[in-house]
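The values are calculated or read from the model by the stated rules, or taken from the named source; none is laboratory data. Source: prediction; values computed, not measured. All Cβ positions, even for glycine, are placed from backbone atoms using ideal geometry, and neighbour counts span all protein chains on display. Only protein heavy atoms, including side chains, enter the accessible area calculation; ligands, DNA and RNA are left aside. Shrake-Rupley method; radii C 1.70, N 1.55, O 1.52, S 1.80 Å.
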Amino acid sequence: MRILFCDDEAAIIEQLQSYVREYFVSLGCKPPEFAAYTSGEALLAAERKADLAFLDVKLPGIHGIQVGAALKTYNPHIKLFIVTAYPDYLDEAMRFQVFRYLSKPIDKDRLFRNLKDALYQYHMETKEFPVLTGQGVFLRRAEEIVCVEAAQRKTMVYTTEGLLQSTQTMEDWRQILTLPCFSVPHRSFIINMRFVNSIQKDAVFLKWGTTEKPPI
């Protein structure tokens, strides 16, 4: 993972890097790769792809929201944090699908909460799982896997793009689908909670597109 920081105040960059490093260490993880810049032009001249970016609004030359919009053309899944003391840019930031708008001075607890949400969403959107079938291997992201069902000695993987018969066992899938969005309500099912439409006493109804399925 690569995280960018862009601010014309060196103290803010140092503080953000310290907080983000502390967050990853608290999870028992090695801190990701960092890169820091003091202007949007310098950042865009050096970077083409990153996973997260913390951008000040008022930068020399190109302002931070424009920098964020350019970064999204290289990686549409990048999570952008706008960090500023000026709330006037909130509407414009939201128009460019900024993930969060953080005010200066930086509140560490709020940063940690938002960083947790950003990392979860990023992994949901980008992590791919191989579905092994008799016809070959199909890669599907977590957000594309609706549920996995064991039926009549077959393992069926329901995705937003269609049904796949997997050669992997349910135990294989329980080991693979470890993101918090996946739940095992029954030994024959693994469901993605984001597709739950309703829960009744003896059934969980999933819905994606125009399809609705009671998995239990």
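Evaluate the following for Ile190: is it open to solvent by less than 70 Å² (accessible area, probe 1.4 Å) and part of a strand (DSSP E or B)? Judged against the criteria, Ile190 is a match. Beta carbons closer than 9 Å, at least 6 apart along the sequence or on distinct chains, pair a first residue in the stretch 179-201 that is at pLDDT 85 or above with a second that is part of a loop (DSSP other than H, G, I, E, B) and exposed (fewer than 12 other Cβ atoms within 10 Å of the Cβ) for Met193/Pro180.
Taking first residues from the stretch 43-55 that are farther than 12 Å from Glu33 by Cα and partners that are open to solvent by 10 Å² or more (accessible area, probe 1.4 Å) and among the hydrophobic types (A, V, I, L, M, F, W, C), the Cβ contacts under 6 Å between residues at least 6 apart in sequence or on separate chains come to Leu44/Ala70. The residue that is most open to solvent (accessible area, probe 1.4 Å), among those in the stretch 202-216 that are at pLDDT below 75 and part of a loop (DSSP other than H, G, I, E, B), is Thr210. Right, Ala70: more than 16 Å from the chain's Cα centre (by Cα), over 20 Å from Tyr23 (Cβ atoms), among the small types (Gly, Ala, Ser) and at pLDDT 90 or above or not? So Ala70 passes the test.
Among the residues of the stretch 45-61, those that are open to solvent by 30 Å² or more (accessible area, probe 1.4 Å) and not in a loop (DSSP other than H, G, I, E, B) comprise Ala45, Ala46.
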